[in-house]
Amino acid sequence: MDSKTLQTLRRDAEDICRSAIEASVPDAAIQRALAQLPPCQGRTVLVSIGKAGWQTAKAAYDALGSTIEQGVVVTKYGHSQGPIGDLAIYEAGHPVPDEHSVRATEAALAAVSGLCAKDRVLFLVSGGGSALFERPLVPLAELEDITGQMLACGADITQINTIRKRLSGVKGGRFAQLCAPAHVYAILLSDVIGDPPDMIASGPAYPDSTTTAQAMALVSRYGLTLSPQALDLLEQEPPKVLDNVTTVITGSVAQLCRDAAARAEALGYRTWRRDGSPPGGPRSGRTESGIGAGSGGRAGRIGSSGGLHWF
């Protein structure tokens, strides 16, 4: 392979990567989802949570402006970049929830209380939402301890969320219940492999897919120390059905791979894609994409496995 071909491959790889990332940044992802937002006959209240909470709220506010009558933004310490209209902006703890997480969540719940069936909650969710958005059903200190235990023992994100959604008054679909009868239009930026909506930020506005048996098995597997109150809560199932929610996933690793493949094809490459699961099983599945020589005669191969890498 001559140096000119190598230069072409490097340039194209950088072009593909840049194009995919630009399409997947929170601003672009939210704007893409909002293009499908149906009209609302009543009030629109914005709640934006996660490490990208400020960015997603800013994108929504820029697009919708005064149609957002009220809003609350909850993001990680140091992630706010200034005022957004009249929206209330809070910073809180991550990866372990703190008193600011609770205070910010109560502000969000106050904003969505008293809504009617004609109203809408625009709910923007990004990575980190599980810690930042919290109404604990056990003392906060215990919730912090349980979260710390699970982080220390090597539990993955779906396992952690299986436990903590049962210890929360807003996770596992309970936030959507508190918004009723208003409709919740949830736009999710996924940081969980496979994009299970009930695991992204512990699914505040999505029906729970886990079971009490699974939660109790995790307690046994990792030797977690829980109070009798917490163990009782693990026996209580979060809602399995919600009739006031529309969910859209607009940013994810899978979407990143699709955007990369689209740009590669535009450059004349032939692409392949494979969805599979390594030994960890489907919950820890991966998405792989690749690019081979196309009809344009470009040599080499560019691929991704759960992200964008060159090989």
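Give the angle, between 0 and 90 degrees and rounded to the nearest 10, that separates the Cα long axis of helix 99-112 from the longest principal axis of the Cα atoms of the chain. Helix 99-112 and the main axis of the chain meet at about 90 degrees.
Compute the Cα gyration tensor for the range 172-223, then decide on rounded, prolate or oblate, letting a ≥ b ≥ c be the square roots of its eigenvalues: rounded whenever a/c is under 1.5, prolate when a/b is larger than b/c in the other cases, and oblate in all that remain. Because a/c hits 1.5 or more and a/b fails to exceed b/c, the range 172-223 counts as oblate. Summed over qualifying helices (DSSP H, 4 residues or more, each -39500 (n - 2.57)) and divided by its residue number, the chain shows a 222 nm mean residue ellipticity of -11500 deg cm²/dmol.
Classify the range 33-101: rounded, prolate or oblate, from the alpha-carbon gyration tensor (a ≥ b ≥ c, eigenvalue square roots; a/c under 1.5 rounded; otherwise prolate if a/b is larger than b/c)? Note, shape of the range 33-101 comes out prolate. Each residue of the range 233-239 is assigned a 3J(HN,Hα), and the resulting list reads 5, 5, 7, 9, 7, x, x Hz, derived from the Karplus form 6.51 cos²θ - 1.76 cosθ + 1.60 (θ = phi - 60°), x at Gly and Pro.
Taking every alpha-carbon pair under 8 Å whose residues sit at least 6 apart, the chain reaches a relative contact order of 17 percent.
Normalise the Cα radius of gyration of the range 54-180 by 2.2 N^0.38 Å (N = residues in it) and let me know the number. Please report the intermediate quantities before stating the final value.
On the way: Rg = 15.0 Å, N = 127, 2.2 N^0.38 = 13.9 Å.
Rounded to two decimals, the normalised Rg is 1.08.
For the range 50-67, 3J(HN,Hα) computed residue by residue from phi via the Karplus equation (6.51, -1.76, 1.60; θ = phi - 60°) reads x, 5, 9, x, 5, 4, 5, 5, 5, 4, 5, 5, 4, 7, 10, x, 5, 5 Hz, glycine and proline entered as x. Express in whole angstrom the spacing between the alpha-carbon centres of the range 165-229 and the range 126-148. First find each Cα centre; the distance between them is then 12 Å. With θ taken as phi - 60° and the Karplus curve 6.51 cos²θ - 1.76 cosθ + 1.60 applied, the whole-hertz 3J(HN,Hα) list for the range 176-186 is 4, 4, 6, 7, 4, x, 5, 8, 9, 9, 9 Hz, x standing for glycine and proline. Using a ≥ b ≥ c from the Cα gyration tensor of the range 152-257 (square roots of the eigenvalues), is it rounded, prolate or oblate, where a/c under 1.5 gives rounded and otherwise the larger of a/b and b/c decides, a/b for prolate? Oblate. The candidate values are (i) 0.92; (ii) 1.08; (iii) 1.15; the one derived from this structure for Cα Rg over 2.2 N^0.38 Å carries the label (ii).
Since every read-out is calculated from the coordinates, none of them should be taken as a lab result. Just so you know, these numbers come straight off a predicted model, no measurement behind them.
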